[in-house]
1. For a quick check of your reading of the model, give me the residue pairs whose first member lies in the stretch 108-136 and is of a type in the set (Phe, Trp, Tyr), whose second is surrounded by 15 or more Cβ atoms within 10 Å (Cβ to Cβ), with beta-carbon atoms closer than 6 Å and at least 6 apart or on different chains.
2. Please verify whether the stretch 360-376 includes one or more residues that are of a type outside the set (Lys, Arg) and in contact with a Leu (Cβ under 8 Å, 6 or more places away or on another chain).
3. Do you know which of the residues in the stretch 233-243 that are in contact (Cβ under 8 Å) with a residue 12 or more places away in the chain and not in a loop (DSSP other than H, G, I, E, B) is surrounded by the most Cβ atoms within 10 Å (Cβ to Cβ)?
4. Within the stretch 397-420, track down each residue that is open to solvent by 30 Å² or more (accessible area, probe 1.4 Å) and either at positive phi or assigned to a loop (DSSP other than H, G, I, E, B) (or both).
5. Taking Arg255 and the conditions (1) open to solvent by 20 Å² or more (accessible area, probe 1.4 Å); (2) assigned to a helix (DSSP H, G or I), which numbered condition does it fall short on, given that it satisfies the others?
6. What's the total number of residues in the stretch 280-307 that are open to solvent by 10 Å² or more (accessible area, probe 1.4 Å), touching a residue at least 24 places away in the same chain (Cβ under 8 Å) and assigned to a loop (DSSP other than H, G, I, E, B)?
7. Taking the options Leu174, Leu137, Leu166, Leu146, name whichever one is farther than 21 Å from Glu325 by Cα, hydrophobic (A, V, I, L, M, F, W, C) and out of contact with any helix residue (DSSP H, G or I) (no Cβ under 7 Å at 6 or more places or on another chain).
8. Could you tell me whether the stretch 324-340 includes any residue that is open to solvent by 30 Å² or more (accessible area, probe 1.4 Å), charged (D, E, K, R) and in a strand (DSSP E or B)?
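The values are calculated or read from the model by the stated rules, or taken from the named source; none is laboratory data. What you see is a predicted model; the values in this text were computed from it and never measured. Glycine also receives a Cβ, built like all others from the backbone with ideal geometry; neighbour counts cover every protein chain displayed. Accessible surface is based on the protein model in full, side chains and every heavy atom, while ligands, DNA and RNA are left aside. Shrake-Rupley method; radii C 1.70, N 1.55, O 1.52, S 1.80 Å.
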Amino acid sequence: AGADEYVYITLDVEITGGTTPVNPRAIAEFESMEGVLVRYPFGVPVSLIAEMSEDVMITTIVANAGEEATVTSTYGSNGVNMSNCNFEYSPTDTYWIRDYGPWWVEDGSDDVAITDYTYNRSRPNDNAIPGEMATFLSENLYLMGLEHTGGNYMCDGMGIAASTQLVWEENSSLSHAEIDQIVNDYLGIQTYHVVPDPNGTYIDHIDCWGKFLDVDKLLIREVPASHSQYDEIEATVDYFETQTSSYGTPYEIYRVYTPNDEPYTNSLILNDKVFVPTMSSSWDDDAIALYESAMPGYEVLGFYYSSWQSTDALHCRLRGTANREMLYINHIPISGTVLNRADYEINATIVPYSGQPVYNDSLLVYYKVDGGVYTSVPMISTGGNNYQGIIPEQAGGSQIDYYIHAEDQSGQSANHPLIGAFDPHIFNVSGQPGAPVNVQIQIVSGNVQLSWDAVTGATSYNIYSSDYPDSGFTLEASSITDTFWTTTIPGGVSKKFYHVTAEN
């Protein structure tokens, strides 16, 4: 080309990634976070950034050194903790970093990595941010091959996620089963709830009406019966009321009242704090109180900003950075009512992502009985990263509250549940211990057959079942006068646990 001529070449490049993580685990928003991503120019009040900087690293994405200087001056004059600030130089198109920012996974090797997707907006600078952050943090990047957006995705950290039907619409060339397979391969999602958007708005993002507060807790907005979307929102609640959490229990569903489409579900959970967008509305205090009720032990803080909208508020404009050194505890809690027995086994997998050993004497199960004071029992290794603690036998009718605590040599500590003593796991003890009875089980011609020894004095027998040995059991059959019982093999489960009780 001549001196005044240019040749423009457009490269249409498909990046496929080449590898997928092995046994990935998508990390939930309510898990341990080391920082928050925010983009300049801001979409949130600087007072909120100052509050977050007291606890975690604030990574501000700026275009150049000039913007960094401007932000540094703004932060310095508004009380931001500059020792908890760093800067990533990347051009961006918008401040909706929730929608285009990285999704965090544990990639099967106890390392935190980033899963990327095609951002569902024509904003190439924004779409590049997950890759830029992978470079900035020196972490692996996996390219998922879905068109998606962060505001339409929430997960529980144990293999369940939810989105609206937007993910189907924007990936219409893929079947629903193919989409499920992709999120399983790249995020470890085994159950993907894809539901109609009940808000009836243009954006169809799930964070505009709901969010996971914990593995077994869901927050869904509530509106008066006169609201145009009342039926759709209640249908969504009805759907989730029939679903099962990763603990094998029904969800605890909390409702936050949004009569004028207030964006109260568009909040950010950051370790032990919850930041809620407020609207200078008479319903703000009720929203704060609802979060406090649903999340005891957390500090719930409201932040007003004049640009909050029902479809775009605090959650849309921030993105947590997963704690890459987290001490992860995986545990299926005992729940519901369980039979009295000699001891209650608390089993957990405890994984230090830092690679540093755990302090064995820090691995404890804290428990209390009938609202008393907490006492602790040690957890003992059962091989690898697996540990077990024993809560001793308690009287029938007792309520047991418990949580797990662990520390490692990198300085990390963790509880399960995450907030520990403020919101422990709870189970109740029923009945009195008796002599064990021989129960046999067989699989015959597609049926489960149980048989047992007769119990002296028993008038009848009840049959209970569960998907987990230490979860609450469901009554399958009652008033059985024989010493045997038959049912068809249950579908959709890989294992089933039964117990038989002698009545009277």
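1. As it stands, the answer is Tyr117/Met144; Tyr117/Leu146; Tyr117/His148; Tyr119/Tyr100; Tyr119/Asp126; Tyr119/Asn127; Phe136/Glu88, since those pairs meet every condition given.
2. Scanning the stretch 360-376, I find at least one residue that is of a type outside the set (Lys, Arg) and in contact with a Leu (Cβ under 8 Å, 6 or more places away or on another chain), so the answer is yes.
3. Filtering the stretch 233-243 for residues that are in contact (Cβ under 8 Å) with a residue 12 or more places away in the chain and not in a loop (DSSP other than H, G, I, E, B), the one surrounded by the most Cβ atoms within 10 Å (Cβ to Cβ) comes out as Thr236.
4. Gly397, Gln409, Ser410, Gly411, Gln412, Leu418
5. Arg255 satisfies all of (1) open to solvent by 20 Å² or more (accessible area, probe 1.4 Å); (2) assigned to a helix (DSSP H, G or I) except (2).
6. 7
7. Leu174
8. No: the stretch 324-340 contains no residue that is open to solvent by 30 Å² or more (accessible area, probe 1.4 Å), charged (D, E, K, R) and in a strand (DSSP E or B).
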